Structure formats: C-alpha cells, structure tokens
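Read through the structure below, which is laid out as structure tokens, and then see the notes.
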Amino acid sequence: MDELMVTAGEALRLLVSFDPALWEIIGVSFRVSLTAILVSLPPSLLLALLLARVSFPGRWLAISVVNTLMAVPTVVVGLVLFMLLSRSGPLGELRLLFTQRAMIVGQILLAMPILTAMLHSTFQSLDQRAWETARLLGASWSQALWMLIREARFGVIAALLAAFGRIIAEVGSAVMIGGNIEHFTRTITTAIALETLKGEFAQGLALGLVLLLLALLLNVLLGVMRGRGQQTVSV
C-alpha cells in the first residue's frame, strides 16, 4: 500500500512539474490524434450524407460495412498497414513506416467508421424536408450541406468527441506502425505499456491519469451536447 501511495505521489509530481519527457509524449499523442480527426471529418461527413439521403443499390450493405468496421480491432488495422508500408510491401517506397504520418493514417482508418456511422444516424434523424427546402430555395449543394451540419451540430460534435476518444486511447495500431520510438512516435498508450514492462510505474500512472481525465472531459462534453440538443428539440 505504501509503495502504491509513493508511486501515485511521484505520478502527480511528474504531471504538476511539467516533466519534459512526460509532456512530450502527451504532445505527440494529441498532435497525431487531432490531425487524424480533422482529416477524417470531411470525407466522413460526405459519406454519411450520401448514406442518409441518397438511395442506391447496395446502400444497406454499405451501411452494414461501415458499422462492422467500427468493431475492427486496432491491432488488425496496424497489421494491414504494416504489411502495406513495410519495405517488401506495395507502399514501402513511401517510407512511412514508424513515422507519425503512418500513425495518422492508422487513426484515420479507425476514426472514419465511427464518424460515418454516428453522422449517418444524425443526418437520418433530421427532417428530410430541410434538405429539399434548401435546394428548392436555390441553395447550392455545399450550402445545403452546411445548413444540415448546422442543424445537426450537436450530433456532429458528439461524433467528433467519441471518435477522438477512441483513437487517442488505441495502442495496437500505434505500436505496430509507429514503433514506439522515443521523442518521435511514443504516445500515451505505448509509453504506458513500455513503462509497465520496465517496472517504472510512476510515468505510466501519470499518463494513465491523463487518459482518465480526458475520458471524463469528453463524457462531460457529450452530456452537455446531449442536454443542449434535447433543449433545442423541445423548443
């Protein structure tokens, strides 16, 4: 028990003293995940709108595929990308393996199914007449899309928060295609795994606290978004 308290105290000290090594890892994680989520949003919006508003053969199958991809283990995504990006792979000449760009690609592949599925549900719940009215009034396709996004803004924010929470906490893909390289591709989750194996629990616990605080913040924001969305509907 005493050892646990000492470890917890050391973890808090690392956080509040802004330990450079610790905050460098946190910075890499947030930089990679924020980039991935911002790149994922535009194509996910377009795909979700297509699935929600356009009827075409095989639409139900496309929706099923998107929903299935949400459950793909992160290590499987990492394995596929590793085979593609390794020297013997078809994309080996790009030399992306064990770089932050490869990690961003992996997180994009993890974020897009979540964003698409949640945005599809959000767009589908909107009144169909909103889109049709905007188009009849002369709004361009992009203007009508922007209007739908504004109408569904709480759902869009909820999807972004959920996808961000998923990708920043993943470890399988980050280890396989990032390599857990110090000062370069070491993220919160890969650092926790490494420090635990080394028996250095203080830094791992400090990084775990960061993830817990992030999860709490995201859940609070989601609750606020749901509350505002319900108030808007009731009005």
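Remarks
- Using only alpha-carbon positions in the chain, the gyration tensor eigenvalues give semi-axes of 37, 24, 14 Å once each is multiplied by 5 and square-rooted (largest first).
- Screening the chain for DSSP H helices whose Cα atoms reach 30 Å or more along their own axis and whose mean Kyte hydropathy is at least 0.5 gives 20-53, 100-125, 201-234.
- Selected from 110, 172, 86, residue furthest toward positive end of dipole (the chain; charges at beta carbon): 110
- Whole-Å distance, taken between Cα centres, linking the range 124-190 and the range 46-86: 14
- Residues in the range 1-97 average 62 Å² of solvent-accessible surface per residue, probe 1.4 Å, ligands and nucleic acids excluded.
- Charge dipole (the chain, unit charges on Cβ, about Cα centre) - positive-most of 187, 133, 96: 133
- Rg of the Cα atoms in the range 43-111, relative to 2.2 N^0.38 Å, amounts to 1.36.
The values are calculated or read from the model by the stated rules, or taken from the named source; none is laboratory data. All of these numbers come straight from a predicted model, not from anything done at the bench. Ideal geometry is used to build each Cβ from the backbone, glycine not excepted, and the neighbour counts take in all protein chains shown. Each accessible area value is taken on the protein alone, full model and side chains, heavy atoms only, with ligands, DNA and RNA left out. Shrake-Rupley method; radii C 1.70, N 1.55, O 1.52, S 1.80 Å.
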